[in-house]
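Worksheet: the structure to be examined is printed underneath.
The values are calculated or read from the model by the stated rules, or taken from the named source; none is laboratory data. Keep in mind the model is a prediction, meaning the values are calculated, not measured. FYI the Cβ positions are ideal-geometry reconstructions off the backbone, even for glycines, and counts take in every protein chain you see.
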Number of protein chains: 2
Amino acid sequence: MNETGRPQDFPLSNPRADRVRDVAKLAGRPARLKRRQFLAEGPQAVREALTLHRKKMDAGEYGLVREVYANEACLDRYPEFEELAEGVNARLATDDVLAAMADTVTPQGIIAVCDFVDVSLRDVLDARPRLIAVLCQVRDPGNAGTVLRAADAAGADAVVLTGSSVDIYNPKAVRSTAGSLFHLPVVLGADVEELVAECRARGIGVLAADGYGKLNLDRLQDESAARRLGSSTAGSDYALESPTVWLFGNEAQGLSEAELALADHRVAVPVYGAAESLNLGTAATVCLYASARSQQD
Amino acid sequence: MNETGRPQDFPLSNPRADRVRDVAKLAGRPARLKRRQFLAEGPQAVREALTLHRKKMDAGEYGLVREVYANEACLDRYPEFEELAEGVNARLATDDVLAAMADTVTPQGIIAVCDFVDVSLRDVLDARPRLIAVLCQVRDPGNAGTVLRAADAAGADAVVLTGSSVDIYNPKAVRSTAGSLFHLPVVLGADVEELVAECRARGIGVLAADGYGKLNLDRLQDESAARRLGSSTAGSDYALESPTVWLFGNEAQGLSEAELALADHRVAVPVYGAAESLNLGTAATVCLYASARSQQD
């Protein structure tokens, strides 16, 4: 580092260099799986990745950000990236190099190579979670990212993707999480049957978000509000304030019959207008926020 | 029409024909503005457009669907499109022609040319609306479409886009509304200052969705629930069950200071987790659903 804190060596300038190609390959799943690494692009994602990296280092773990490539303009604009955390290899790069590395046309001047961040289902369950979102066979990276971001906003304890869902380390998915991928534990490749059995053994209720559900989310919310406000002590079909795992299905077909059969209840988000259905992100937002509100003390 | 109800003439097969080019031009804004027409692509959008068309014809209006182009496979799969409504020109077309007409790579075998559907602000306000969503300077067609769909699901009476917002007739925006563009009135090119003045004169409350808002949406919902459940008659800062117009801002910057200053209250959607902010679609969903629930009898 020189006195401005920047890497001293010349910027990487050859877009066809091996190192550049190695980074670019992480846009593809085979390279990601082989190296157990993925790309975080843009200042927001890299900032969140570094924050988690420092937390891990403080906890005596190995960290997660391995390499950071940035151009001069980015460092001028965000001086915070001049002082990188321990264990991170930083290198200046030209715009051409960044463009060759990135999945996006405009990586906004900074890219990080990160280790996979997913955790085991057991770790999540042992932490006594109160709210979990499960994505079953969700195919679109943008949808998966949006639900992850909504789960983060709703304060969910974890997001679980089943084995048949999209790869959350896909650059488009990482982008659409807007940093939330580094905020809450994510479990990948889960088997939904095993997950439900484990949750049930721990007393966690299992709700399926289903347009044709018998239970109405509004009624569950009203009943929960009544209990919270002390205006009723009556029981209901499901106490929304109790620990809950929500199952969300594929964007086109919803949950399969087999997945629906696993749940304790099928819950419909009310559609007040003429919309035929809710999109996945909207439905997940309403469900997770309903649980989060009911669980507030 | 022959006995299967299909157009009898040969399918349109020349992707370079003037008629095909004329349709394709509607992917661009200048042609749309000049002809006051836009494209609906795919079975769902065309179905919703035809439903609204029939309603208009029944009401003695001119309808809205002008031309429908479909391939044989689409008519085999969706026989409903064989019998088109009065006033609609139907024509079989080859896949090449549909691909040349469409904005999408896969138009799913059917495309309709529709007249603009937007209405005037005065028409919306004269219908005594209870819930309106206003998009201020929203730039992304996908975001605008998602909010329109969420507004439809929440039973909003109208969606208003200010003059500086994205063109809702952009093919990507039309697609992301998933048919909702044909479900509820949409006002385009509105002036937010004038809109707020008109709403206020009619006793409609104006709320700004703002991450830094002083009022907390959860508290407003709780207070409204308490009144509905009869457990409290206490007043609050804002009665969420009253007629309300929500202002939503640009996806990157939120609402401008000038827009915020127009609102009666700035209301924050609570973020329970570590998410830095909510994306526009998530925030609008939570706000509109909160109003819709409070307004239910």
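A few remarks follow.
- A:A261, sole failed condition from (1) surrounded by 18 or more Cβ atoms within 10 Å (Cβ to Cβ); (2) under 18 Å from A:A190 (Cβ atoms): (1)
- Residue among A:A49, A:A133, A:A59, A:A40 that alone is under 20 Å from A:P185 (Cα atoms) and not assigned by TED's automatic domain parsing to the domain that holds A:K25: A:A133
- Identification of helices (runs of 4 or more DSSP H) wholly contained in region A:57-169 with 3 or more residues that are crowded, with 16+ Cβ neighbours inside 10 Å, at pLDDT below 95 and not hydroxyl-bearing (S, T, Y) yields A:95-101, A:141-153.
- For B:Y289: the one exception among (1) within 12 Å of another protein chain (Cβ to nearest Cβ); (2) in a loop (DSSP other than H, G, I, E, B); (3) of a type in the set (F, W, Y): (2)
- Which listed residue is at the interface with chain A (Cβ under 10 Å from one of its Cβ atoms), closer than 27 Å to B:D126 by Cα and touching an Asp or Glu at 6+ places or on another chain (Cβ under 8 Å), from B:G163, B:G179, B:G155: B:G179
- Residue that is nearest to A:S256 (Cα to Cα) [pool: residues in region A:204-235 that are at pLDDT below 95 and more than 14 Å from every other protein chain (Cβ to nearest Cβ)]: A:D210
- Residue within region A:28-40 that is small (G, A, S), in contact with a Lys or Arg (Cβ under 6 Å, 6 or more places away or on another chain), surrounded by fewer than 20 Cβ atoms within 10 Å (Cβ to Cβ) and away from chain B (no Cβ under 14 Å) present: yes
- If you check B:R29, B:R54 for being under 21 Å from the mean Cα position of the chain (by Cα) and within 19 Å of B:S180 (Cβ to Cβ), only one passes: B:R54.
- Selected residue (only one of B:A274, B:A283 is under 30 Å from A:A49 (Cα atoms), within 14 Å of another protein chain (Cβ to nearest Cβ) and surrounded by fewer than 17 Cβ atoms within 10 Å (Cβ to Cβ)): B:A274
Let's see how each residue does on (1) crowded, with 19+ Cβ neighbours inside 10 Å; (2) touching a Gly at 6+ places or on another chain (Cβ under 6 Å); (3) polar (S, T, N, Q); (4) more than 18 Å from A:S165 (Cα to Cα):
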{"position": "A:A190", "(1), (2), (3), (4)": "yes, no, no, no"}
{"position": "A:A197", "(1), (2), (3), (4)": "no, no, no, yes"}
{"position": "A:V206", "(1), (2), (3), (4)": "yes, no, no, yes"}
{"position": "A:K214", "(1), (2), (3), (4)": "no, no, no, yes"}
{"position": "A:L217", "(1), (2), (3), (4)": "yes, no, no, yes"}
{"position": "A:L240", "(1), (2), (3), (4)": "yes, no, no, yes"}
